[in-house]
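Okay, structure first, notes after.
The values are calculated or read from the model by the stated rules, or taken from the named source; none is laboratory data. On a predicted model such as this, the values are computed, not experimentally measured, just so you know. Positions of Cβ are backbone-derived with ideal geometry, glycine not excepted, and every protein chain shown enters the neighbour counts.
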Amino acid sequence: MRGLGAAGLAGGAGVLAGRGPAGAQELTVPGLAEHHTGSQAAISHGGMGTVGTVDHVRNGFTPQQLLTEFDPGVVSKDASGRTVREYEFVAVNKDIEVAPGVFFPAWTYNNRVPGPSIRATEGDRIRIRFINGTEHRHTIHFHGIHSARMDGVPGAGEVGPGETFTYDFIAEPFGTHLYHCHSLPLTNHIHRGLYGAFIVDPKRGRPEANELIMVMNAFDTNFDGENEVYALNTVAFAYMNEPIPIRRGELQRAHVINVTEFDPLNSIHLHANFFNLYRTGTKLVPDEFTDIISMGQAERHMIEFTYDSPGRFMFHAHQTEFVELGWMSFFEVS
Ligand SMILES: [Cu+2]
């Protein structure tokens with residue numbers, strides 16, 4: 001991690017130095033050069049991708065964290081023996097770098113986009129203390145089953161600047177869900193970055209697997225009502241530049257969530273493989289066996305797959321435009 005820190009700081013200097021069209025060639029900071037060497041293979045895909053690197057340290061989150069970190073909350077038991085998971089979410093405005101040198105004025109939960117990946121078991125009680133540290137009204141609206149007053153919409157759990165609200169509900173049904181701000185105008189509040197994964201496990205559990213969070217998102221960086229940057233977990237080409245390491249023969253379970261605004265559909269396609277599709281993650285047996293799934297806004301699915309031979313395997317949206325603008329990824333199977 002010391003190495004990453006050094007590279008990150010150097011990367012910041014590099015991006016600042018490289019604000020002009022020729023800037024990419026001027027990135028000669030030693031730490032940054034070392035960082036590039038590690039991901040050299042990624043730069044040779046027919047000119048696709050970006051020049052330079054995103055400063056993950058300045059962003060405050062790395063692609064690996066967004067992919068693999070689940071937040072169990074602060075866990076306790078109530079008088080009835082039920083598991084209680086408590087969280088504190090703060091709405092914060094923050095500029096994030098979504099592609100090298102491309103900064104987006106995000107609205108975030110806890111300084112990251114997507115927000116924390118909440119993980120619970122069906123029947124757990126979830127308590128989220130929400131503090132609005134911005135100048136706009138916001139909510140947290142959960143996809144799941146709960147009472148009207150916990151719905152996180154204008155009139156029920158919406159908080160103004162400096163205000164606080166505690167959402168309190170039981171996690172159900174099990175599945176791959178999401179949460180997002182539901183203040184108006186909705187497109188603006190969602191696409192600015194106020195969303196995250198809400199994963200509810202079945203009581204009986206699932207087979208052991210390597211679990212991954214994949215939020216398909218996009219950014220309208222010039223506010224013209226169309227997206228300029230597409231990504232898996234916020235940073236364009238992040239997992240092309242640094243392929244996701246997975247083990248041969250190990251079951252992979254990905255929670256894929258589409259929060260893309262402005263485009264009616266997004267999709268995920270695995271190369272050289274097929275996956276079991278559990279729609280919304282709400283069943284224990286797969287609905288389908290396929291190599292591509294298209295999703296509307298807020299649609300999400302759980303997919304399971306295994307790679308049996310080593311190598312570098314692409315996965316990406318099947319909308320070519322999205323691919324070229326950032327939604328291209330790789331698994332490195334070893
Ligand atoms: Cu909002």
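Quick notes on this structure:
- With respect to (1) in contact with a Ser or Thr (Cβ under 8 Å, 6 or more places away or on another chain); (2) assigned by TED's automatic domain parsing to the domain that holds residue 293; (3) of a type outside the set (Val, Ile, Thr), the lone exception for residue 214 is condition (1).
Residue-by-condition table, conditions (1) away from the ligand (no atom under 12 Å from the Cβ); (2) farther than 21 Å from residue 295 by Cβ; (3) modelled with pLDDT under 95:
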| residue | (1), (2), (3) |
| --- | --- |
| 178 | yes, no, no |
| 185 | no, yes, yes |
| 193 | no, no, no |
| 197 | yes, no, no |
| 202 | yes, yes, no |
| 208 | yes, yes, no |
| 214 | yes, no, no |
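- Some residue of the stretch 159-174 being part of a loop (DSSP other than H, G, I, E, B), of a type in the set (Phe, Trp, Tyr), crowded, with 19+ Cβ neighbours inside 10 Å and outside the structural domain of residue 217 (by TED's automatic domain parsing): yes
- Residues that are out of contact with any helix residue (DSSP H, G or I) (no Cβ under 9 Å at 6 or more places or on another chain), more than 20 Å from residue 178 (Cα to Cα) and part of a loop (DSSP other than H, G, I, E, B), drawn from the stretch 288-326: 291, 306, 307, 308, 309, 310, 318, 319, 325
- Among the candidates 140, 145, residue that is more than 16 Å from the ligand (Cβ to nearest atom) and not basic (Lys, Arg): 145
- Set side by side, the residues 237, 274 differ, and just one is touching a residue at least 24 places away in the same chain (Cβ under 8 Å), surrounded by fewer than 23 Cβ atoms within 10 Å (Cβ to Cβ) and not basic (Lys, Arg), which is 274.
- Residues in the stretch 234-276 that are within 20 Å of residue 318 (Cβ to Cβ), among the hydrophobic types (A, V, I, L, M, F, W, C), in contact with a Phe, Trp or Tyr (Cβ under 9 Å, 6 or more places away or on another chain) and not in a strand (DSSP E or B): 236, 237, 240, 259, 272, 274.
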